[in-house]
1. Name every residue in region 129-150 that is closer than 23 Å to Ala89 by Cα and out of contact with any Phe, Trp or Tyr (no Cβ under 8 Å at 6 or more places or on another chain), in order of residue number.
2. Would you pick out the residues in region 101-110 that are under 17 Å from Phe186 (Cβ atoms) and either open to solvent by 60 Å² or more (accessible area, probe 1.4 Å) or polar (S, T, N, Q) (or both)?
3. Just one of the numbered conditions (1) touching a helix residue (DSSP H, G or I) at 6+ places or on another chain (Cβ under 7 Å); (2) on the phi < 0 side of the Ramachandran plot is not true of Gly221; which one?
4. Filter region 235-260 down to residues that are out of contact with any Pro (no Cβ under 8 Å at 6 or more places or on another chain) and farther than 16 Å from Thr270 by Cβ and give me whichever is modelled with the lowest pLDDT.
5. Can you tell me which residues in region 51-102 are within 16 Å of Ala121 (Cα to Cα) and either among the aromatic types (Phe, Trp, Tyr) or in a strand (DSSP E or B) (or both)?
6. Considering only region 56-67, state which residues are more than 24 Å from Glu183 (Cα to Cα) and either small (Gly, Ala, Ser) or surrounded by 22 or more Cβ atoms within 10 Å (Cβ to Cβ) (or both).
7. Which members of region 196-218 meet the condition of being crowded, with 16+ Cβ neighbours inside 10 Å and of a type in the set (Lys, Arg)?
8. What number of residues in region 261-297 are among the small types (Gly, Ala, Ser) and either in contact with a Gly (Cβ under 7 Å, 6 or more places away or on another chain) or at pLDDT 50 or above (or both)?
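The values are calculated or read from the model by the stated rules, or taken from the named source; none is laboratory data. Here the structure is a predicted model, which means the values were calculated and not measured. Cβ placement follows ideal geometry from the backbone for every residue including glycine, while neighbour counts extend to all protein chains displayed. Quick note on the areas: whole protein, heavy atoms, side chains included, nothing else; ligands and nucleic acids left out. Shrake-Rupley method; radii C 1.70, N 1.55, O 1.52, S 1.80 Å.
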Amino acid sequence: MQSGLRFKPHSTLRPGRADPQFRRACAWARKRCAFAPCTIPRGQAKPGSEGITVRTIGLIGGMSWESSAEYYRLINQEVRERLGPLRSAPLLMHSVDFGPVERAQHEGRWDDAAAILEDAARRLEAGGAECVLLCTNTMHKVASRIRAAVSIPFLHIADPVGLAAARAGWTTVGLLGTAFTMEQAFFRDHLAQAHGLTVLTPGPEERAAVHRIIYDELCAGVVKDESRRVYLDAIEALARQGAQAVVLGCTEISLLVGPGDSPVPLLDTTAARPGRRRLRLHDRPWNAAGRGHFRFT
């Protein structure tokens, strides 16, 4: 069964002048609704689609730029498949210098790192972005700070994989990522509280190896067969512990391992973002601050 994207033409909704209930409706909607009258089947441009405009997505990237480039490719690929071969996504990307962010992470200066990303989010909103995606898992530790810095929706990286697990009927997943993501609570708690998942992580030595490979190799564009074996051993160990699938909770990991390498399904937080997941407006009304309630479906 084909799924469709639904868009609202911008010819009648000038930014900042539309009814606030619809002004920040994002590009991906599952059902027909007041702000999404058009359905475009995948891989086929519907006649008249030239007048249909995808809403502008703001990306906070650069952490590292190796994976940020994948976001750009995947989102544009999805728009091309759904709207036609010459269509592409209107995107704004604020690519930060990862060096200061990485130093702040390892020195425990999370407030300093958060300030960098808050500034990036504000710049994206000022530039016309209608929602914000943070192209890194680790920095979701400060997701609440970024969300509070802007009036447009902030979309959490863990929600698409949580919903994918629910659709598949999985209740226990493994998690690979940086040491911050695997050992601290912010990512695991979100999956547990928002999606009811039990999250397993590798042992201490495996976590250290996974973390080292991300920062020393993958973020620098280095892909080694021996490092792939380290990751596959960690995935196999998680499967033996009872993981029904494994979340690739770092945007660089998919540069190293893919579904064909793993004995269990992989939930990649990079490929699971828009356009790979549809987005629709939540049924609740807009709140007094003007923020919309968005959710992945």
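1. Matches in region 129-150: Ala129, Glu130, Thr136, Val150.
2. Within region 101-110, the subset under 17 Å from Phe186 (Cβ atoms) is 101, 104-106, 108-110.
Gln105, His106, Arg109, listed by residue number.
3. (2)
4. The first filter runs over region 235-260 and keeps only residues out of contact with any Pro (no Cβ under 8 Å at 6 or more places or on another chain), leaving 240-243, 247-258, 260.
Then drop every residue that is not farther than 16 Å from Thr270 by Cβ, which leaves 240-243, 260.
On the way: Arg240: 96, Gln241: 96, Gly242: 97, Ala243: 97, Gly260: 86.
My answer is Gly260.
5. Residues of region 51-102 that are within 16 Å of Ala121 (Cα to Cα), as a first pass: 56-63, 68, 91-98, 101.
Within region 51-102, Ile57, Gly58, Leu59, Ile60, Gly61, Leu91, Leu92, Met93, His94, Ser95, Phe98 meet the criteria.
6. Result: Ile57, Gly58, Leu59.
7. Arg207 - this is the single residue of region 196-218 that is crowded, with 16+ Cβ neighbours inside 10 Å and of a type in the set (Lys, Arg).
8. Residues that pass the stated criteria total 3.
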